[in-house]
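This report concerns only the one structure given below.
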Amino acid sequence: MVPDVSLAMIPHSQPFIDPTDASAIESRLQTGMIAAGPLCDEFAAELAIYTGHAGAILTSSGTAALELCLKTLALSDAAEVILPTCVCDSVLRTVTAVGASPVFCDVGQDWNITATEVARCVTPRTGAIIVVHTFGIAADVAQLQEFGVPVIEDCCQSLGLRLPNGEHVGHQGYASFFSFHATKSLTTGEGGAVATSDPQLLSNLKRLRDADVHAPLSDLQAALGLSQLARYPAMLERCRQIAATYLAALPDHALTGVRAATDRSMWFRFLLTLTDEFDAAQRQFAAAGVAVRRGVDALLHRDCQLSDSQFPNAVRCYRTTSSIPLYPSLSDSDADRTCAAAAFLRP
């Protein structure tokens, strides 16, 4: 297919910044109080209320938030931390930064780690399990708790995701952490948070953040976070509308990766199952003016020279999954263009 240069490329990801966000930032700039201050306290309190936790602390990034979670566990030098191979490489860097040894785990059919896969990785040295609610699909945390190891819930891609009982994800594990990076559903540019209902853990997290890790958020960022959080339900609803458009228009065989979890409260990514390798599909979409990405940028076990044969599900997902544009500012016409660009997927 010859690229249509008359059409602007539809970005894969795009932060949704509207005039109320700009006004909130401008108002804070006018005060001259832009370092960590009262707006950070307000944002942390509102975030805790939204997610249903007793409290939350803000950090400079999701990476810093995970580091704080791991440090509160006081892991020994011999400790191992289980994490999925298909996760952001900053998770791996954080595990090694605290002195623990990473143990990579394969995933199930929906990109999330399962008790079956984790059972192959648990040893007497296991100090923690990091479970990711990948792409806004809830992982089964309850089953992972049966191993008797602290479970840290990575909610960076799942803020606003609710379980069937109405509870937000992030309540079943030891602690939950979030990212507010520019690519996330709610953004402060950079930033993160840890949420918990354990008052002692919350106190320990604050102490470590302020005295050890020193990773604060600023009031300028908190102003943006508060503005975004106030309209976050509407942002999630817009993503659900776009997902519904895709579900109705795209061929069933390309939707096998999302059909099992279509009735959910938030969509971080919309994944297509490909019959061909990703690179070929990416070229087809690009020719139609649509930017797509792999589900994840890389598989972490490959950086450690581990064999793909140990991670068959993750390798399959990596090779044959494409993430298409899905964000609140995506217009109806661009969603329709994305559907049209996927015409090559039809038999």
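The values are calculated or read from the model by the stated rules, or taken from the named source; none is laboratory data. The structure presented is a predicted model; accordingly, all values stated were derived computationally and were not measured. Don't worry about glycine lacking a Cβ; one is built from the backbone with ideal geometry, like all the others, and counts go over all protein chains shown.
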If Gln14 meets every condition in (1) surrounded by fewer than 22 Cβ atoms within 10 Å (Cβ to Cβ); (2) within 24 Å of Val194 (Cβ to Cβ) apart from one, which number is that one? (2)
Output the residues belonging to the stretch 250-278 that are of a type in the set (D, E, K, R) and not in a helix (DSSP H, G or I). Asp263, Arg264, Arg269, Asp276, Glu277
Exactly one of Ala193, Ala223, Ala139 is crowded, with 24+ Cβ neighbours inside 10 Å, part of a loop (DSSP other than H, G, I, E, B) and at pLDDT 95 or above, and that one is Ala139
Qualifying residue in the stretch 249-262 (condition: surrounded by 16 or more Cβ atoms within 10 Å (Cβ to Cβ) and in contact with a Pro (Cβ under 8 Å, 6 or more places away or on another chain)): no
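With respect to Ala36, determine if the residue is of a type in the set (A, V, I, L, M, F, W, C), out of contact with any helix residue (DSSP H, G or I) (no Cβ under 7 Å at 6 or more places or on another chain) and farther than 13 Å from Gln228 by Cβ.
no
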Give the residue that is farthest from Tyr232 (Cα to Cα), with candidates limited to residues of the stretch 24-51 that are in contact with a strand residue (DSSP E or B) (Cβ under 6 Å, 6 or more places away or on another chain) and of a type in the set (A, V, I, L, M, F, W, C). Cys40
Say we look at the stretch 309-340 and pick out the residues that are more than 21 Å from Phe268 (Cβ to Cβ) and among the aliphatic types (A, V, I, L, M); which of these is surrounded by the most Cβ atoms within 10 Å (Cβ to Cβ)? Val315
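Residue-by-condition table, conditions (1) touching a residue at least 12 places away in the same chain (Cβ under 8 Å); (2) in contact with a Gly (Cβ under 9 Å, 6 or more places away or on another chain):
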{"site": "Ile49", "(1), (2)": "no, no"}
{"site": "Thr63", "(1), (2)": "yes, yes"}
{"site": "Glu67", "(1), (2)": "yes, no"}
{"site": "Ser76", "(1), (2)": "yes, yes"}
{"site": "Pro84", "(1), (2)": "yes, no"}
Given (1) part of a loop (DSSP other than H, G, I, E, B); (2) outside the structural domain of Lys71 (by TED's automatic domain parsing), identify the lone condition not met by Leu217. (2)
Restricting the search to the stretch 1-35, which residues are modelled with pLDDT of 95 or more, under 30 Å from Arg283 (Cα atoms) and out of contact with any Pro (no Cβ under 9 Å at 6 or more places or on another chain)? Met9, Pro15, Ile17
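Residues checked against (1) among the β-branched types (Val, Ile, Thr); (2) closer than 22 Å to Ile130 by Cα; (3) in the same structural domain as Ala35 (by TED's automatic domain parsing):
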position	(1), (2), (3)
Thr187	yes, no, yes
Ala195	no, yes, yes
Asn204	no, yes, yes
Arg209	no, yes, yes
Gln221	no, no, yes
Can you confirm whether the stretch 65-73 contains a residue that is among the acidic types (Asp, Glu), surrounded by 21 or more Cβ atoms within 10 Å (Cβ to Cβ) and in the same structural domain as Ala182 (by TED's automatic domain parsing)? yes
Would you pick out the residues in the stretch 314-341 that are farther than 25 Å from Lys184 by Cβ and touching a residue at least 60 places away in the same chain (Cβ under 8 Å)? Asp336
Tally the residues that are touching a helix residue (DSSP H, G or I) at 6+ places or on another chain (Cβ under 8 Å), buried (at least 16 other Cβ atoms within 10 Å of the Cβ) and either at pLDDT 95 or above or more than 25 Å from Phe270 (Cα to Cα) (or both), restricting the search to the stretch 95-111. 8
Answer yes if at least one residue in the stretch 179-190 is touching a residue at least 24 places away in the same chain (Cβ under 8 Å), under 17 Å from Arg28 (Cβ atoms) and surrounded by fewer than 18 Cβ atoms within 10 Å (Cβ to Cβ), and no otherwise. yes
